[in-house]
Amino acid sequence: MPINTPPKSYDDAAVKWKRCRDCFEGSDAVKAAGPEYLPPLGSHDNSAKGRAQYAAYKARALFYNATARTVQGLAGLIFQKAPTFELTPAIEGHEQDVTMAEESAELFALHATEEILTTGRYGVLVEMSAAGESPSRPYWVGYKAEDVCSYRIEYRGGEAVLSRVVLKESYWEPDPEDEFHEDEVTQFRVLHLGDEANEGRFYRQTIWREEEGSGEWIPVEEFVPLRRDRPLDFIPFIIIGPTSVTPEISKPPLLDLVDVNLSHYRGSADLKHGLHKVALPQPWASGIQGAGTDDGAITIGPSVVWMLDSGGRAGMVEFTGAGLGAIRTDQVDMQALMATLGARLLEEDGGPPETATAVRMKHAGENATIRTIAASIETGLTQIFQWHAWWAGTEEDPESVEAGVELNKDFFSQRATPDDVKAAMLLWQSGGISFETFYHNLEQGEWTRPGVDAEEEHQELVAEGVADPGPVDIEEEVVEVEEVVEVEAE
């Protein structure tokens, strides 16, 4: 089987990915698909006139891009607060450019979030810059759902291990006959993990390209990434989905909204087509004296007078049926439905904690929420940061590396009022809560600086010479208040 032959599961999912991506891209992408999303009417045959009529029918249609607005709005909820990064000394500063192409970890995470909301899948490969290259350090490469062609999971010693991934890539090749032109060429990158029995358990990459002339795909380059002159015993590649970081293909979270979005587009085409046909009033007359022009046509305008015979009549033909009104009502209903489908991802979970199995069953594909999506992305990026820090550091294994990222999952928080802060401070001063609890409430109410925890804040207070207030004698306070009240009463 050629390397560019994907499995059936990929082909089935690719149809959904295309719908979702076209809707996210907007009107140009949707209309470029032509009959795929907007079937022609009966009169739109393959003749020149029929093609022209279909082109006009499509041009009049409006694509109301609810998909992109929903994706951007949901992603904006996660990133309304900046992510918090935990980094080892070896990679401090790397979060400012994780791709070695001037893309920060925050922007990378935002792009990954939009991809997962759109197609339900995003792959990330951790690479190491070539020896002698400056700077020499790990970096990240992102792969869209369509570019992760296939994967293989094997069980080795009772452990599920990612043993192979096929990735589609493209690069630009100069045109030997035109110095101002470059050709985009497709290649495949195969990530392979050998087994102990045969070649040894180490990770290697192979680049496959199409041979000129024969059209066959052949390996053209193979290399083994090293860490401290030793090969890796795992593939540093992860696929992030809407509910987990397993490579299984998930249903795109907004697929239902996308389908309604396309139906709304088709309804818009019919509505605009109908309005085009009947919106302008049409004059009519009977019993006009004379025959009009030589060809029988009758002119109309401010300087034209129609002379009618006895009993002659004239008027304007105007559309009064309810057909277009029904289409318009259906358009409004679909807009409301799209808003509802988008809002479903904002649903909050309630009730007692659930087991991991129950969570997986509850949030399978179409039941993903913005909270589960944020948690899945956070898990995936934390794993990536651990690989990154391990590759650049001295730790024995990635699991022992304390590095990661925390994304915002408090989407509906409200800023605490001064009265709320005053009440929390009185509780702390009276010994009712600890400083850590008091500071946590300040964090939830957005009264603290991002990235500063309770211990760091306390240390800065001590450094500035601010005395620790300590507990306050509540009984003494009550006595003082009562005395003031009595004096005022007298």
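The values are calculated or read from the model by the stated rules, or taken from the named source; none is laboratory data. None of the values given here were measured: they were computed from a predicted structure. We place every Cβ from the backbone using ideal geometry, glycine too, and count neighbours over all the protein chains shown.
Listed here are the residues, each with its yes/no results for (1) assigned to a helix (DSSP H, G or I); (2) modelled with pLDDT under 75; (3) touching a helix residue (DSSP H, G or I) at 6+ places or on another chain (Cβ under 7 Å).
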site: Ala423; (1), (2), (3): yes, no, no
site: Gly431; (1), (2), (3): no, no, no
site: Asn441; (1), (2), (3): yes, no, yes
site: Glu446; (1), (2), (3): no, no, no
site: His458; (1), (2), (3): yes, no, yes
site: Glu477; (1), (2), (3): yes, yes, no
site: Glu483; (1), (2), (3): yes, yes, no
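Would you point out which residue out of Ser150, Ser170, Ser136, Ser163 is not acidic (Asp, Glu) and not in a strand (DSSP E or B)? Talk me through it step by step, then tell me what you get.
Values: Ser150 fails: not in a strand (DSSP E or B); Ser170 fails: not in a strand (DSSP E or B); Ser163 fails: not in a strand (DSSP E or B).
Residue meeting the stated conditions: Ser136.
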*Out of curiosity, is Val224 at pLDDT below 95, over 23 Å from the mean Cα position of the chain (by Cα) and of a type outside the set (Asp, Glu)?*
yes
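If you scan segment 246-289, which residues turn out to be among the β-branched types (Val, Ile, Thr) and under 22 Å from the mean Cα position of the chain (by Cα)? Quick ask: steps written out before the conclusion?
Narrowing segment 246-289 to residues among the β-branched types (Val, Ile, Thr): 246, 249, 258, 260, 278, 288.
Result: Thr246, Ile249, Val258, Val260.
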*Starting from residues that are in a helix (DSSP H, G or I) and either surrounded by fewer than 17 Cβ atoms within 10 Å (Cβ to Cβ) or among the hydroxyl-bearing types (Ser, Thr, Tyr) (or both), keep the ones in segment 87-96 and report whichever is nearest to the chain's Cα centre (by Cα).*
Gln96
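Of the residues Tyr64, Tyr57, only one is closer than 18 Å to Arg266 by Cβ and crowded, with 18+ Cβ neighbours inside 10 Å; which?
On the way: Tyr64 fails: crowded, with 18+ Cβ neighbours inside 10 Å.
Only one candidate qualifies: Tyr57.
Please specify each residue of segment 245-271 satisfying the condition of being out of contact with any Gly (no Cβ under 9 Å at 6 or more places or on another chain), touching a residue at least 60 places away in the same chain (Cβ under 8 Å) and not hydrophobic (A, V, I, L, M, F, W, C).
Initially, segment 245-271 is screened for residues out of contact with any Gly (no Cβ under 9 Å at 6 or more places or on another chain), giving 246, 256, 258-271.
Narrowing further to those that are touching a residue at least 60 places away in the same chain (Cβ under 8 Å): 256, 258-269, 271.
If the condition is that a residue be out of contact with any Gly (no Cβ under 9 Å at 6 or more places or on another chain), touching a residue at least 60 places away in the same chain (Cβ under 8 Å) and not hydrophobic (A, V, I, L, M, F, W, C), then Asp256, Asp259, Asn261, Ser263, His264, Tyr265, Arg266, Gly267, Ser268 are the ones that fit.
Is one or more of the residues making up segment 355-374 part of a loop (DSSP other than H, G, I, E, B), within 25 Å of Glu106 (Cα to Cα) and at pLDDT 75 or above?
So the first thing to find is which residues in segment 355-374 are part of a loop (DSSP other than H, G, I, E, B), and the list is 355, 363-364, 368-369.
Okay, now just the ones that are also within 25 Å of Glu106 (Cα to Cα), so 368-369.
If we keep only those that are at pLDDT 75 or above too, we end up with 369.
Within segment 355-374 (the criterion being part of a loop (DSSP other than H, G, I, E, B), within 25 Å of Glu106 (Cα to Cα) and at pLDDT 75 or above), the answer is yes, since at least one residue qualifies.
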*Before we move on, is Thr99 of a type in the set (Val, Ile, Thr), at pLDDT 90 or above and in a loop (DSSP other than H, G, I, E, B)?*
yes
*Specify the residue that is nearest to Pro40 (Cα to Cα); the eligible residues are those in segment 252-267 that are of a type in the set (A, V, I, L, M) and out of contact with any Ser or Thr (no Cβ under 8 Å at 6 or more places or on another chain).*
Leu262
*For Tyr57, state whether it is more than 24 Å from Leu337 (Cβ to Cβ) and of a type in the set (Ser, Thr, Tyr).*
yes
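Taking the options Ile207, Ile218, name whichever one is within 31 Å of the chain's Cα centre (by Cα), over 13 Å from Leu162 (Cα atoms) and without any contact (Cβ under 8 Å) to a residue 24 or more places away in the chain. First the steps, then the outcome.
Working: Ile218 fails: within 31 Å of the chain's Cα centre (by Cα).
Sole residue among the options that is within 31 Å of the chain's Cα centre (by Cα), over 13 Å from Leu162 (Cα atoms) and without any contact (Cβ under 8 Å) to a residue 24 or more places away in the chain: Ile207.
How many of the residues making up segment 23-68 are of a type in the set (Lys, Arg) and touching a Gly at 6+ places or on another chain (Cβ under 8 Å)? Explain how you work it out, then say what you get.
From segment 23-68, those of a type in the set (Lys, Arg) are 31, 49, 51, 58, 60; that's our starting set.
Filter again for touching a Gly at 6+ places or on another chain (Cβ under 8 Å), leaving 58.
Within segment 23-68, residues that are of a type in the set (Lys, Arg) and touching a Gly at 6+ places or on another chain (Cβ under 8 Å) number 1.
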*Can you pull out the residues in segment 206-234 that are of a type in the set (S, T, N, Q) and in a strand (DSSP E or B)?*
Thr206
